[in-house]
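Student: The structure follows.
Derivation of every value follows stated rules applied to the coordinates shown; laboratory data play no part. These numbers were taken from a predicted model, which means no experiment stands behind them. Quick reminder, even Gly has a Cβ in these numbers, built from the backbone with ideal geometry, and neighbours come from all protein chains shown.
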Amino acid sequence: MQSFYPERFERDMGCTEADWLRWLPGAVGEHHWKLQTCTAGVRIGDGALGLKWQAAEPRVIGLVRIPVLRVSFRFAGVDEAPRHAFMTRFDLYM
């Protein structure tokens, strides 16, 4: 977890798209959300979070291959406190 989450940031997640899609409903919790191809929109109060992802080349460390999913987070109209609360849960779940 972080102490601050900016309105826009990107992450490399160590998972496949199938893993991501399986975990996403639990990570967004009770927030209303809509899934589309490689994107999702999440309502957070009067604001929203836009998620976009794409699979990248796996990381290879010796004989170990770790999948990589590049995820873009874009908050709109979500103040710092609710953004932090949402991302704290999201990070703990993911």
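Residue by residue, here is whether (1) loosely packed, with under 14 Cβ neighbours inside 10 Å; (2) farther than 18 Å from Gln2 by Cβ holds:
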{"site": "Gly47", "(1), (2)": "no, yes"}
{"site": "Ile61", "(1), (2)": "yes, yes"}
{"site": "Val64", "(1), (2)": "yes, yes"}
{"site": "Val71", "(1), (2)": "no, no"}
{"site": "Glu80", "(1), (2)": "yes, no"}
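Student: Something else now. Restricting attention to the stretch 34-50, which residues are within 20 Å of Ala81 (Cα to Cα) and not small (Gly, Ala, Ser)?
Tutor: Val42, Arg43, Ile44, Asp46, Leu49
Student: Tell me, which residue of the stretch 28-44 that is under 16 Å from Arg74 (Cβ atoms) and among the small types (Gly, Ala, Ser) is surrounded by the most Cβ atoms within 10 Å (Cβ to Cβ)?
Tutor: If we take residues in the stretch 28-44 being under 16 Å from Arg74 (Cβ atoms) and among the small types (Gly, Ala, Ser), then Ala40 is surrounded by the most Cβ atoms within 10 Å (Cβ to Cβ).
Student: If you go through the stretch 82-94, how many residues are of a type in the set (Ser, Thr, Tyr) and exposed (fewer than 13 other Cβ atoms within 10 Å of the Cβ)?
Tutor: Number of matching residues: 0.
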